[in-house]
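*Asks:* A single structure is presented below for examination.
The values are calculated or read from the model by the stated rules, or taken from the named source; none is laboratory data. Just so you know, these numbers come straight off a predicted model, no measurement behind them. Cβ sites come from the backbone with ideal geometry, for glycine too, and all protein chains shown count toward neighbours. With ligands, DNA and RNA removed, areas are computed over all heavy atoms of the protein, side chains included. Shrake-Rupley method; radii C 1.70, N 1.55, O 1.52, S 1.80 Å.
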Amino acid sequence: MSSALAAQRPAHSTAAGAAAEFLTFRLGEEEYGIDILRVQEIRSYEQPTRMAHAPEFIKGVIDLRGVIVPIIDLRLKLGCAQAEYTDFTVVIILNVAGTVLGAVVDAVADVVALPAEAIKPAPHFQGQVDASFVRGIATVDKRMLIVMDIESLLSSAEMGLLQQATATA
């Protein structure tokens, strides 16, 4: 974990009723939060090595200190408009269900502590909207924060593709 991120994290456990911490980041105009305990480090974006026949949202793989890490673009996975890669584009290195992967996001904002009662259930929509990866919605300083469940975001088949990509790279 990067030392700057570790320094922001208070040394307390998340007991029942305690606040959980979330790393917030931007995808387009929306702000998302992800459980800080899934985050290993934050890196600047570097062009990954493309894998043949991979879905469009899997950008490729990188070598992270001897570990082959698949890189997914969350904008493409979530069906957002394609955004430009800028100096603010970063890769959040995550540990999801025992698999290390990188998630490309537009920018990282900060770390926020949210008590469980601050996360409200996401509304359910009929039709094309897939909210299975949304844990809930929270308001932080008058900003809406979409709290993600990263493990629900990737299907078991997609996780298998990511594991296969690291095995064959």
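*Asks:* Determine whether LEU27 is in contact with a Lys or Arg (Cβ under 6 Å, 6 or more places away or on another chain), closer than 21 Å to ASP106 by Cα and either surrounded by 15 or more Cβ atoms within 10 Å (Cβ to Cβ) or modelled with pLDDT under 50 (or both).
*Replies:* Spelling it out, LEU27 is indeed in contact with a Lys or Arg (Cβ under 6 Å, 6 or more places away or on another chain), closer than 21 Å to ASP106 by Cα and either surrounded by 15 or more Cβ atoms within 10 Å (Cβ to Cβ) or modelled with pLDDT under 50 (or both).
*Asks:* Examine the stretch 4-21 for a residue that is surrounded by 15 or more Cβ atoms within 10 Å (Cβ to Cβ) and at pLDDT 95 or above, and state whether such a residue exists.
*Replies:* yes
*Asks:* Any residue that is modelled with pLDDT of 90 or more, of a type in the set (Asp, Glu) and surrounded by fewer than 16 Cβ atoms within 10 Å (Cβ to Cβ) - is there at least one of those in the stretch 121-130?
*Replies:* no
*Asks:* Condition test on GLY136, is it free of Cβ contacts under 8 Å to residues at least 40 places away in the same chain, open to solvent by less than 20 Å² (accessible area, probe 1.4 Å), within 17 Å of LEU23 (Cβ to Cβ) and of a type outside the set (S, T, N, Q)?
*Replies:* Criteria met by GLY136.
*Asks:* Now a separate question. Only one of ALA97, ALA109 is under 20 Å from PHE22 (Cα atoms) and touching a helix residue (DSSP H, G or I) at 6+ places or on another chain (Cβ under 6 Å); which?
*Replies:* ALA97
*Asks:* Being more than 21 Å from ARG50 (Cβ to Cβ), at pLDDT 90 or above and within 17 Å of the chain's Cα centre (by Cα) narrows it down to one of VAL134, VAL104, VAL111, so name that one.
*Replies:* Exactly one of VAL134, VAL104, VAL111 is more than 21 Å from ARG50 (Cβ to Cβ), at pLDDT 90 or above and within 17 Å of the chain's Cα centre (by Cα), namely VAL111.
*Asks:* Considering the stretch 139-150 alone, what residues qualify as being open to solvent by less than 70 Å² (accessible area, probe 1.4 Å) and not in a loop (DSSP other than H, G, I, E, B)?
*Replies:* VAL140, LEU145, ILE146, VAL147, MET148, ILE150
*Asks:* Something else about it: Only residues that are of a type in the set (Asp, Glu) and more than 28 Å from THR139 (Cβ to Cβ): list them for the stretch 80-122, please.
*Replies:* Answer for the stretch 80-122, where residues must be of a type in the set (Asp, Glu) and more than 28 Å from THR139 (Cβ to Cβ): GLU84, ASP87.
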